[in-house]
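All remarks here apply to the structure that follows.
The values are calculated or read from the model by the stated rules, or taken from the named source; none is laboratory data. Because the structure is predicted, anything quoted here is derived from the model rather than measured. When we count neighbours, we look across all protein chains shown, and the Cβ atoms used for this are built from the backbone with ideal geometry, even at glycine.
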Amino acid sequence: MTKGKQASIAVLVAVAMFALLSGFTIAHQENMNGQNSNMSNRNSNMMNQNSGSMTSARLSSQDSRFMREAAAGGMAEVMMGRVALQRASSDEVRRYAQQMIDDHTRAGEELMRVAQTKGITLPTTPNASQQRLMTRLEAMSGAEFDRMYVREAGVNAHRTMERLYQREIERGTDTDAKAFASATLPTVRMHLQMAQQMSGMMSGNMNGNMRGNMNSNMGGNMNGNMNGNMGGNMNSNMDMEGNMNMNSNMNSNMNSNSGRNRNMNMNGNMNRNMNMNSNMNSNMNSNMNSNMNSNMNSNTVPPVNL
């Protein structure tokens, strides 16, 4: 082998060794970079987890209680609204129930997003008191259901909800929770006003019907009593007048009869007197005639017998 060939082989070997070493170095560097990237991702995830834990830990009891109670109340409104769509008799009540479903569903979704950023687990069912109310509503129907639903789910529940949101605005410390409360409170108050108006209309109809029935009954009874009493009194007065007339006629007849009787008695007495006088006269005449005849006979001279 010549010196030129040996030199060429040496050069080729050197180049091959360099290429081999360069590839190893690059692969090693890429592995190092991959490991560093994985470590960075792990560190980032740990930082995010720590951040979430620190955020949850920073929430006050007021903020966490508000979020849980608001979630339960919103779910109750949605569930009671669905019951109302099936059992209410008034179209207005059904429209109100549908609006409760729509508005509280949107509010519940927004509250869920806020809670997830804070690491708060929200309840998945209404509380015990709200569940008892739903049980009562499910046993009702028609106008009775309408009154109960509007009074309890409409007026009373939204009054409680209004106080809950207002307290969070005044006492809460978490910016996101307070912002949610401030944005949702006007809707809660609108729901309350709508329920109060419906409740007032229902009470007005009931009072109107009661007043109408009372006035009708009172008027009917008063008219009936007045007519009955007036008729009875008039009949009674007429009877009294009739009795008085009868008494007057009886008295008049009695007086007349008494007068007639007196006249008859007088006439009878006069007749008796006349009869007595006639008898006396007759007796006197008879006696006188008899005496005169007797005296005349006794005074007559008897004839002389020769």
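Brief remarks follow.
- Some residue of the range 116-130 being modelled with pLDDT of 95 or more, assigned to a helix (DSSP H, G or I), touching a helix residue (DSSP H, G or I) at 6+ places or on another chain (Cβ under 6 Å) and aliphatic (A, V, I, L, M): no
- Counted residues, the range 74-108 - those being part of a helix (DSSP H, G or I), in contact (Cβ under 8 Å) with a residue 40 or more places away in the chain and not charged (D, E, K, R): 13
- Residue list for the range 179-198, filter: over 14 Å from GLN99 (Cβ atoms) and crowded, with 19+ Cβ neighbours inside 10 Å: PHE180, ALA181, THR184
- Matching residues in the range 57-73 - criterion: being outside any helix (DSSP H, G or I) and buried (at least 17 other Cβ atoms within 10 Å of the Cβ): LEU59
- Check on ARG87, under 30 Å from ARG58 (Cβ atoms) and at pLDDT 95 or above: no
- Selection of the range 88-108 for residues being of a type outside the set (A, V, I, L, M, F, W, C) and closer than 12 Å to VAL78 by Cα yields TYR96, GLN98, GLN99, ASP102, ASP103, HIS104, THR105, ARG106, GLY108.
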